[in-house]
Structures are given as structure tokens and as C-alpha cells.
Amino acid sequence: MVVLTKNKKTELILESTTLWDFPTQNYGDKPHGDNKFNGVTPAFVIWNLLQRYTKPNDLVVDPMCGSGTTIDVAKELSLRVIGYDIAPYRKDIIQNDARKIPLHSNTVDFVFIDSPYSDNVKYSDHSKCIGKIPCTDEKFFMELEKVAKEIRRILKPEKYMAWLIGDHWRKNTSYIPVGFKVYEMLSKFFKPVDVICVVRRNQTSNTGLWHKRAREFNFYLRGFKYLFIMQKTNQEES
């Protein structure tokens, strides 16, 4: 939650429920990532997570860093941070495929990832981008599982990760419960901690025309994303 104080400065207040709704992608006066980037993560999602699950000087990793939102938020909070992406958007993002993260096992304090949830958004021109695989193809979930295994490997025991993902609906393919499938997959490697619903805003379908079509043709526009918070323990499957 972002509120204005009497002196008109912004005050950041930690979210206390499992419904998060942020009207803007950014908070404060400094940019956190690029709000024009396809699929950009709301900066306050990351701020809330880092406030709860990290302490100063912890190492945070984002394997699909996009426009660098995680990097910007983490640095403001005096955290060490590494951002990777298969198609780096800026110089401080390291080029790497999330299916093989170049870090030693059990060395990371927190991982955040906002992954593709189908091929509906163009994330990059890279031929190996997971976002080029439709979620109607089981290979999509197989590739995301490779990422989950790497996250578990690099994460320290008892530490946390968070995965932001949305469901998919498209004419002729109907509804695909991407979030449920990813949750089931993650539960093989991590202990579930909680599930947050993050309200979707500023998507291209949030127009009067699309709302009219949804009512006329009896379908629902995607109104939220899932934020799965998970913990690495010694009880999960290796």
C-alpha cells in the first residue's frame, strides 16, 4: 500500500492481506524497472516480498529480470542482487537462461521470478525464450519445472522464493489454469507458504471494447495474477 502523508510524501506500508492492488507500476520518485516493458512487474510487489523475507545484505536473485525492477528495489533496501535474463534489457542484467543459473548451490537468500504464462506476450526475440512456447503445449510446463529445480538448488535451506504467474484464456483454446499447474509443480520442490492475488492493471484488454466482448461472448478477462510464496525445506522432493 502506498499512502500520502500530510507533508505529501509517499509512505510505504506493508500489505497485510492476500489481495494486493497497485494502481501504478512504480512507487516514489525514482524508476524501478521500465513501466513500458511488456509484462513489467509492479515494483511494490517486490518491495513487499523483500521487506518480509530478507534482511540487509542478503543476496536476492531474479532469474527472469525483465526491465530490472527487482534490481532497483533490492538496491534501495541495501540488498545484494543479481538479475539474469535470456535477453538483457539493460547493462546491469546478466545474459543467462533461467534453466541453468550460474551460481553455487545453497548460496541465495531469496528468489523472485515473474515468468511467462504462455506465448501471448512478446518478451524477446531470443529463440530459446520460454515465452515463445504456448501453455497449451506440455513442454511449456516442463521448461518452467527446469527453472524451479534451479531455484531450489541455489536457494539456501529454510529461505524463500516467490513466483508471479497468470492464467490463460484465448479464443479457440479456452481457459488454461496455468497458475494451478505451476502451483502443483512448485509444491514438489518447496513448502507452500501462502498465495497472494495481485490485481492486474494496465493490460491491453482492460478497455470498454474487451469488457463488452467478454459479456457478449460469455468469457472472463483475466483480473489477477497468482503470487506463490514458497520455502525451501529439507522435506521436499530433491
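Things to note:
- Gain in span if fully extended, LEU19 to ASN57, counting 0.36 nm per residue against the direct Cα distance: 10.8 nm
- Inter-label distance for LEU221 and THR233, nm, one decimal - labels placed 7 Å from Cα along Cα-to-Cβ: 4.0 nm
- The chain: Cα Rg divided by the 2.2 N^0.38 Å rule of thumb: 1.00
- Longest DSSP-loop-exposure-free segment, chymotrypsin sites (Phe, Trp or Tyr not before Pro), the chain, at most 11 other Cβ within 10 Å: 1-216
- Phi-derived couplings, Karplus 6.51 cos²θ - 1.76 cosθ + 1.60 at θ = phi - 60°, listed residue by residue for region 44-49: 6, 4, 5, 4, 4, 5 Hz, with x used for Gly and Pro.
- Contact order normalised by residue count of the chain, Cα under 8 Å, 6+ apart, percent: 17 percent
- Dimensionless Rg over Rh [region 36-92; C-alpha; Kirkwood]: 0.95
- Amide H contacts of ASN35 (H built 1.01 Å from N, under 5 Å, at least 5 apart or other chain): none
Read the figures in this text as sums done on the coordinates, not as results from a lab. Note that the structure is a prediction, hence the values are computed from the model and not measured. Note that we place each Cβ from the backbone using ideal geometry, even for glycine, and neighbour counts take in every protein chain shown.
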